[in-house]
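Structure, as structure tokens:
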Amino acid sequence: MIEDKDEIETQGDGTMNPVMRDVKTHIETERLILKMPEPGDGTAVNAAIQRSVNELKPWLGFVQETPTVEDTESNAREAHAKFLLRQNLRYLVFLKEDRTFVGSTGFHRMDWDVPKFELGYWMDTAHSGKGYMREAVEALTAYALNDLGGARVEIRCESENKRSRAIPESLGFELEGTLRNDDLSVDGKRLTDTCIYAKVREKGA
């Protein structure tokens, strides 16, 4: 049976199906390689989580119980599938010189109709303080605004997470506001405030 091309490329409301959008699976910066997660990445990512669990635990839900290698490998394979479906564009960050894994970033919430993208990230503690994640986030922000036609790139941080907030602040993101009592801390014990940073494309640009 030959399918109608329009049925493949568009959804019921006439907009393009996100799976048809061209997205880079590999991005290079001066020092880094950002790539789509693939089967087999779980071992390196899990080792980074194990090294960094004390620093990550106050902010991230997925380390409240330290994941096993199998857990992380399963997550990497799911991330690979979601990337192909354009549901979640995670990029694993490696050093260009020796392919050492140093962190994870990507567009975790997206609205392709606007389009707008929310960036998230975490670092392997062993490689923090060297500007790697700032470099990766800068590259992804430029990619979203310039290549993906993004109207808005957003970063949301818990107000007390000063290291996370330092990245958008250093890259010229605007603090648009703070949502008070917006969420629960990852341990569920207290209310937290959420800072919303954004870079936008000028209207008409």
request  = Residue by residue through the range 178-205, note down the ones that are in contact with a strand residue (DSSP E or B) (Cβ under 9 Å, 6 or more places away or on another chain), open to solvent by less than 60 Å² (accessible area, probe 1.4 Å) and at positive phi.
outcome  = none
request  = Within the range 37-70, work out how many residues are touching a Leu at 6+ places or on another chain (Cβ under 8 Å), open to solvent by less than 20 Å² (accessible area, probe 1.4 Å) and not in a helix (DSSP H, G or I).
outcome  = 1
note = Per the filter on the range 148-174, residues closer than 14 Å to Thr192 by Cβ and of a type in the set (Ser, Thr, Tyr) are Ser159, Ser164
Any hit, the range 72-95, residues being without any contact (Cβ under 8 Å) to a residue 12 or more places away in the chain and touching a strand residue (DSSP E or B) at 6+ places or on another chain (Cβ under 8 Å) = yes
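Here is a yes/no grid of residues against (1) in a strand (DSSP E or B); (2) in contact with a helix residue (DSSP H, G or I) (Cβ under 6 Å, 6 or more places away or on another chain); (3) at pLDDT below 95; (4) farther than 27 Å from Val45 by Cα:
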site: Arg134; (1), (2), (3), (4): no, yes, no, no
site: Ala144; (1), (2), (3), (4): no, no, no, no
site: Glu154; (1), (2), (3), (4): yes, no, no, no
site: Glu160; (1), (2), (3), (4): no, no, no, no
site: Ser164; (1), (2), (3), (4): no, no, no, no
site: Glu176; (1), (2), (3), (4): yes, no, no, yes
site: Leu179; (1), (2), (3), (4): yes, no, no, yes
site: Asp182; (1), (2), (3), (4): yes, no, no, yes
site: Ala205; (1), (2), (3), (4): no, no, yes, yes
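Does any residue of the range 20-30 turn out to be open to solvent by 50 Å² or more (accessible area, probe 1.4 Å), modelled with pLDDT under 95, touching a strand residue (DSSP E or B) at 6+ places or on another chain (Cβ under 8 Å) and not in a helix (DSSP H, G or I)? Quick ask: steps written out before the conclusion?
Looking only at the range 20-30, we keep the residues that are open to solvent by 50 Å² or more (accessible area, probe 1.4 Å), and these are 20-22, 24-26, 28, 30.
Keeping just the survivors that are modelled with pLDDT under 95 gives 20-22.
The next check asks that each one be touching a strand residue (DSSP E or B) at 6+ places or on another chain (Cβ under 8 Å); those that pass are none.
No; the residues of the range 20-30 include none that is open to solvent by 50 Å² or more (accessible area, probe 1.4 Å), modelled with pLDDT under 95, touching a strand residue (DSSP E or B) at 6+ places or on another chain (Cβ under 8 Å) and not in a helix (DSSP H, G or I).
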inquiry  = Whether any residue in the range 125-147 is open to solvent by less than 30 Å² (accessible area, probe 1.4 Å) and under 20 Å from Asn17 (Cβ atoms) is what I want to check.
reply    = yes
Among the residues listed as Glu118, Glu160, the single one being open to solvent by 80 Å² or more (accessible area, probe 1.4 Å) and either closer than 17 Å to Gly61 by Cβ or under 15 Å from the mean Cα position of the chain (by Cα) (or both) = Glu160
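The values are calculated or read from the model by the stated rules, or taken from the named source; none is laboratory data. These numbers were taken from a predicted model, which means no experiment stands behind them. Note that each Cβ is placed from the backbone with ideal geometry, even for glycine, and that neighbours are counted across all protein chains shown. Only protein heavy atoms, including side chains, enter the accessible area calculation; ligands, DNA and RNA are left aside. Shrake-Rupley method; radii C 1.70, N 1.55, O 1.52, S 1.80 Å.
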